[in-house]
């Protein structure tokens, strides 16, 4: 019997960084422990992984059409963006699509991936830093190089002499620096979970009642070597084998080596991977990388790496610095990548119902 799912859990270390912004670092409240925990949304994790996959393959993102409508009061209204709804584009095949264009039948494909948010391994092991940071945008060291513009309440620009007179009369200054709104940082041990449905990974349904593809696109894909097939959900088109193998290598690399780069121009963190667990059983996965309450110290938790749960565990050298006895290995991530390739290549996409 084929295993239809791959479950992956990754453990990472984040240090003094910002990886998802919403009035500072995005956070949620853990009711049990009474703590605000930093997190990165599942959407950001998904986008980061797809970008990593495309980078490995040397492909661009699928072109998205953004639609606007001018309203009666001459305002501008956002309308639904249109995806090409074409699995020829790798990020469409893996990420899914939705298009409900007027006077056309809606088409929708669910992603074969499910992404969790990246959140603390335990509320007591990762969260928002309590000490908030004051930042400035400062150019005061070279005042002659950076001009200053001052306007009065009517919007009229003041001359240099008028500015000087105002400052002198009111005993004021015009510093060439701006205070930046408070930014909280995230630090600690963070996990993310991913599920992959191998049944739909490379198969696109040709069901005409709830279509994933238009009739014209089905015909187009058939001429490009996509194979008529059948899976648990009915008739479908299967991505050609040569293209599948290229994408599998990219998926394995992307799932292991992705990183969040947005919002980190001045808060860069390596976010090094400490451990990866892979299994076809989600319960085993949760037990492999977990946390336990510290019975000897109040409001304290201990990270745990458990090799005896039946999952495939890959532990990196940096993990030894945070979890005692972790037993990290130099080439752990390469082994995890190869394991993912092995599982995806072994799945019989052509004969799923046999």
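Quick one: helix 160-170 against the long Cα principal axis of the chain, what's the angle to the nearest 10°, folded into 0 to 90? Result, in degrees: 70. Fewest-first ordering of 99, 224 by other beta carbons within 10 Å of each residue's beta carbon gives 224, 99.
Within the listed set 178, 231, 152, the Gaussian network model of the chain (springs between alpha-carbon atoms below 10 Å) gives the highest mean-square fluctuation for 152. The reciprocal of the average 1/r between distinct C-alpha atoms defines the Kirkwood hydrodynamic radius, which for segment 148-277 equals 21.8 Å. Pairs of Cα atoms in the chain fall into 10 Å distance bins, from 0 up to the last occupied one, in shares of 5, 19, 24, 20, 16, 9, 5, 2, 0 percent.
Our helix-only sum for the chain, with -39,500 (n - 2.57) per DSSP H run of n ≥ 4 divided by its residues, gives a mean residue ellipticity at 222 nm of -7000 deg cm²/dmol.
To the nearest Å, what is the center-to-center distance of segment 74-98 and segment 201-241, using C-alpha atoms only? For segment 74-98 versus segment 201-241, the Cα centre distance is 19 Å. With the Kirkwood sum run over all distinct C-alpha pairs, segment 221-354 has a hydrodynamic radius of 18.0 Å.
For segment 304-354, the alpha-carbon coordinates run over 46, 21, 10 Å along the three principal axes, in decreasing order.
Put in order of Cβ neighbour count within 10 Å, fewest first, the listed residues 118, 344 become 344, 118.
Each of 97, 82 was scored by other Cβ atoms within 10 Å of its Cβ. Listed from fewest to most, they are 82, 97.
Rule-based calculations on the coordinates, nothing more; no lab input. If you're wondering where the values come from, they're calculated on a predicted model, not measured in any experiment. Neighbour counts are summed over all protein chains in view; Cβ atoms, including those assigned to glycine, are modelled from backbone coordinates with ideal geometry.
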